[in-house]
1. Principal axis lengths of segment 66-113 from Cα atoms, whole Å, largest first?
2. Obtain the nm distance between the two label points defined at Leu127 and Leu90 by a simple spin-label model: each point lies 7 Å from its Cα along the Cα-to-C-beta direction.
3. What does the charge count near Asp128 come to, summing +1 for each Lys or Arg and -1 for each Asp or Glu among other residues with Cβ under 10 Å from its Cβ?
Amino acid sequence: TWGNAEGNATNTAMIDVCYYNGNYTKAGEHPRLVSPHDTPTTIFSGDDLTDGKTTKFKVLDDASAFSDWENIDDDTEIDALTGINDYNTLTLEVDDIVAFELADGKKGVIKVKSWTPGWGTNDNITLDVIVQQNAPVK
């Protein structure tokens, strides 16, 4: 979250995914996951994330391969994911499965478990994450 990045500019290069609550409590929008390189570039402390990592997302329309979430024990289905090319999830919903691809080519999936709106105060999002064991060779 921005709050966790605040005051830690030296660590921002390690951030792969940012949580951004947008205006979801005021205008009916939803929280979103965003690529650090494509976020509003200045966090609360004034630190700049313009050199953040590039992470791409895709909210899966058909997440049937991940329907038995608790028992996923290999990354075959994750490796087969294609078309991961958005820098912002935009319309995230509870129970969505979001595919992501990190700057190094490693892929994973995120399941949105819950969120608590708060317009920047006590807001949070709870996620489960599964990541490929090994990044692909480039």
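1. 28, 26, 14
2. Rounded to a tenth, the inter-label distance reads 1.8 nm.
3. Details: positive: Lys111, Lys113; negative: Glu70.
Cβ neighbours under 10 Å give a net charge of +1.
Laboratory data are not the source of any read-out in this text; all were calculated from the coordinates shown. In this text the structure is predicted, and so the values were computed from the model without any measurement. Here the Cβ is made from the backbone with ideal geometry for all residues, glycine too, and neighbour counts use every protein chain on show.
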